1. Provide the net charge surrounding residue 157, with neighbours chosen by a C-beta distance below 12 Å and charges set as Lys +1, Arg +1, Asp -1, Glu -1.
2. How much length, in nm to one decimal, is gained on full extension between residue 262 and residue 59, taken as 0.36 nm per residue of separation minus their Cα-Cα distance?
3. Find out how many positive minus negative residues lie around residue 271, taking Lys and Arg as positive, Asp and Glu as negative, among other residues whose Cβ is under 13 Å from that of residue 271.
4. With the crude spin-label approximation of a point 7 Å out along Cα→Cβ, what separation in nm comes out for residue 188 versus residue 24?
5. Mark the label point 7 Å from the Cα of residue 377 along Cα→Cβ and return the residues of region 30-44 whose backbone N is within less than 18 Å of it.
6. Mean separation of Cα pairs under 8 Å and 6+ residues apart, divided by the residue count of region 306-398: what relative contact order is that in percent?
7. Among 62, 40, 124, determine the one that fluctuates most according to a GNM of the chain built with springs between C-alpha atoms less than 10 Å apart.
8. Could you give the length gained on full extension between residue 7 and residue 157, defined as 0.36 nm per residue of separation minus the Cα-Cα distance, in nm?
Amino acid sequence: MNYQALLAPRTAAMGSNAIREILKVVARPGMISLAGGVPAPESLPVALFAELTHAVVARHGAGAFQYDLTEGFGPLREALAGYLGGKGIRTTAAAILTASGSQGVLDALGKALIAPGDAVALEAPTYLGALQAFAPYGPRYVELATDEDGLRPESLAVALDREKIKLIYLVPNFQNPTGRTIPLARRRAIAGMLQASGTLLVEDDPYGDLRYEGAPLPPIQTLAPEHVVYVGTLSKVCAPGLRVGFCVAPEPLRSWLVRIKQGVDLHTGTFSQALAAEYLAGGHLPRQLQRILALYRPRRDALLEALGRHLPAGFHWSTPLGGMFVWVEGPPGLDAEKAYRRAVERGTAFVPGKYFFPLPGRGAATLRLNFTGADPAGIRRAVGILGEVLEGEGNVRPAPAQPTTVRRASAESARCPGAR
C-alpha cells in the first residue's frame, strides 16, 4: 500500500527534531553531553514525589485518576495563579489554561492563529521546538536581529513597518539557545510596539526561575497584557515527565485554545496536574529551586571558565545570568556540524547552532552548549576536547593565554540587572 500518498501536504514541513536525534548519540556509554536541554537527574525531587503522591490520593481519591476539565485541574490553576502573581502577572485561576507541557500551548497557538503564508516574527536563532510547532501550519518566518542583550527593538520596528505580522514569538529570559535576556528598557519598547501596532506576542518563559545573578525582570505580559500570551512550564523547576505546562491568554484567544485542546487530548493528565498542585501549594518550589540553582550555578561557571581557557582565538560566547545554555559563535568558515561529528568520536556532544535558525543557510559557525547535564569536572574535560577539535577546523587558531575568570555582562546589562 502507498502510505506516502495518504499523507497531507502539511507533513512535508514536519522534520524530525535534530536535538532529539542528537540525544540518541548522547546516550552512548562514556559520552559527556553538552547537548541536551534537560534537567539534571539529581535536580529532580524524586524523594518528594512519594509524599506528594500520598497527599494527592488522600486529598482527591479517585478524582485524581478521572477525566477533568479541559481548562485544567482546579487546584493547580489556583496554585498557578499565586505563582504567576509572584512574577507580577495579575490573573485568576479561571484565566489559566493548562497543557501537556508548554509545547502543547505552542502547537495550539499555531493551529489557532497561523494560516499558510502568515508572517511570524521571531529571534534568529530561536527555540527549535517553536519552529517545529509552527511549521506544519505554513508560516513565513521573519527573522529579527539580536545582539548580546537579545532582541534589538529597532529590528522589530522595521518588521512591523514592512510586514503584516500575525504574531511574534520571543523567549525573553535566558533564551534557548543563546542564554540571553532582554533588558527592561527593551521590554518596555517591545510592549509599546505591540500596543501601537495591535500585534500579538507569544512570550515563552520556561527558564525565568533559573536565575543565578541579578534581580528578576517583569514579564512583557505585565506591560501589555492584552497583547501577550504568556507561556510557562514546570518542566525545569519540578519534573519534565509530568508534562505540565500552562498559559495566560486574552479571553477571546483562550476560548479557542480550549476548543483546540478538546480535540487533541480532552485535558492534561489529572494525576500529573494534581501532583503539580501539591508541589506548588505545599510550598515545595522555593526550597527545590534553591537546590537546583546551587547545582547549576557552579556548572555554568565551570563552562564559562573552560571556554576562556580552551577555545581558540576568534570565538565569542554569551554570558548567561541564568537558564541552561551558552551560545558560541566561531569565525567565518567554521563548519560546526563537522566539528560535532569529530567531537562525538572523542566522547563529547553539543548541538550545532544552525538548527535554531528559522531560515536555511544560517548559523553554520555557531554552537549551543548546555551546562546542566554534566558535573563541573566533566564539563571541563568536554570543553578541553572541544577546544582541540575546533583548533583542527579550517583556519581556526589557538587562543592566547586567557584569564580564567567568568566574563561579566555588557554595560547595558549592568545598568539593567539580569539583562543577559
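None of the figures in this text is laboratory data; all of them are computed from the coordinates on show. The structure presented is a predicted model; accordingly, all values stated were derived computationally and were not measured. Because the Cβ atoms are built from the backbone with ideal geometry, glycine has one as well, and the counts that use them run over all protein chains shown.
1. Details: positive: 152, 162, 186; negative: 154, 161, 163.
Here the charged neighbours net out to 0.
2. Working: separation 203, 0.36 × 203 = 73.08 nm, distance 2.65 nm.
Between residue 262 and residue 59, full extension yields 70.4 nm more.
3. Values: positive: 59, 243; negative: 68, 278.
Net local charge, residue 271 excluded: 0.
4. Reported label-point gap for residue 188 and residue 24 is 5.0 nm.
5. In region 30-44, the label zone of residue 377 (backbone N under 18 Å from the point 7 Å along Cα→Cβ) covers 30-34, 41-42.
6. Numbers: 141 pairs, mean separation 37.2, N = 93.
Reported relative contact order: 40 percent.
7. Among 62, 40, 124, the largest mean-square fluctuation in the Gaussian network model of the chain belongs to 62.
8. Values: separation 150, 0.36 × 150 = 54.00 nm, distance 3.91 nm.
Gain on stretching residue 7 to residue 157: 50.1 nm.
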